[in-house]
1. Restricting the search to the range 39-59, which residues are surrounded by 15 or more Cβ atoms within 10 Å (Cβ to Cβ) and either farther than 15 Å from Leu74 by Cα or under 8 Å from the mean Cα position of the chain (by Cα) (or both)?
2. Here is a list of conditions, (1) within 12 Å of Phe127 (Cβ to Cβ); (2) among the polar types (S, T, N, Q); (3) surrounded by 13 or more Cβ atoms within 10 Å (Cβ to Cβ), and Ser80 meets all of them except one; can you say which number that is?
3. Can you tell me which condition Arg104 does not meet? The list is (1) modelled with pLDDT of 95 or more; (2) of a type outside the set (Gly, Ala, Ser); (3) within 26 Å of Thr39 (Cβ to Cβ), and all the others hold.
4. From the list Leu66, Leu98, Leu50, pick out the single residue that is touching a Leu at 6+ places or on another chain (Cβ under 8 Å) and part of a loop (DSSP other than H, G, I, E, B).
5. Is there any pair linking a residue in the range 75-89 that is over 11 Å from Trp112 (Cβ atoms) to one that is charged (D, E, K, R), with Cβ under 7 Å and at least six apart or on different chains, and which?
6. Residue check: is Glu88 outside any strand (DSSP E or B), surrounded by 17 or more Cβ atoms within 10 Å (Cβ to Cβ) and of a type in the set (Asp, Glu)?
7. I need a count of the residues in the range 105-130 that are surrounded by 13 or more Cβ atoms within 10 Å (Cβ to Cβ), outside any loop (DSSP other than H, G, I, E, B) and either of a type outside the set (Val, Ile, Thr) or touching a Ser or Thr at 6+ places or on another chain (Cβ under 6 Å) (or both).
Amino acid sequence: MAYCTHLSCHFYRRTGCWDTHGGQSWSLAVVCRLDDVFTEVVRPGETPYLKIDAHGYETRILKGGLSVLERFPLIQIETSFFPVYKDEPVIGGVIQFLATLGFRVISFEPGWDDPRTGEMLQADLIFART
């Protein structure tokens with residue numbers, strides 16, 4: 001089980017309920033490894049697209065899917081320019097990790113920015129197999 005305390009948290013399999021208190025939400029979720037659920041959601045012959053926005057758990061999800069990552073020609077992953085969530089790798093670490101798995105950055109989508117300074121805090125990087 002995992003607990004989420006961020007308003008925009010979403011999980012593949014959610015149990016429990018949402019309860020908003022002062023801008024925060026929580027949800028009790030069953031956490032599954034990508035390796036374990038892949039065959040439940042992707043049919044043989046399909047070309048899947050992987051998008052991960054897991055508030056600091058992105059590389060953990062990738063590590064839980066090492067046996068199926070070769071099936072994804074593209075991966076979109078939320079990255080931060082500085083640590084936003086506890087133990088979260090920042091953008092350079094994510095790029096390096098995916099490079100060791102045979103992926104390279106091909107594009108990005110701007111994400112969250114600081115409204116006071118305009119500084120980009122997070123972006124989605126799009127990776128392709130090399």
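1. Scanning the range 39-59 gives Ile52, Asp53, Ala54, His55, Gly56, Tyr57, Glu58, Thr59.
2. (1)
3. All conditions pass for Arg104, except number (3).
4. Every option except Leu66 fails the conditions.
5. Gln76/Lys51; Gln76/Asp124; Ile77/Glu58; Ile77/Asp124
6. Against the criterion (outside any strand (DSSP E or B), surrounded by 17 or more Cβ atoms within 10 Å (Cβ to Cβ) and of a type in the set (Asp, Glu)), Glu88 qualifies.
7. Looking only at that region, the number is 11.
The values are calculated or read from the model by the stated rules, or taken from the named source; none is laboratory data. Because the structure is a prediction, the values reported are computed rather than measured. Glycine also receives a Cβ, built like all others from the backbone with ideal geometry; neighbour counts cover every protein chain displayed.
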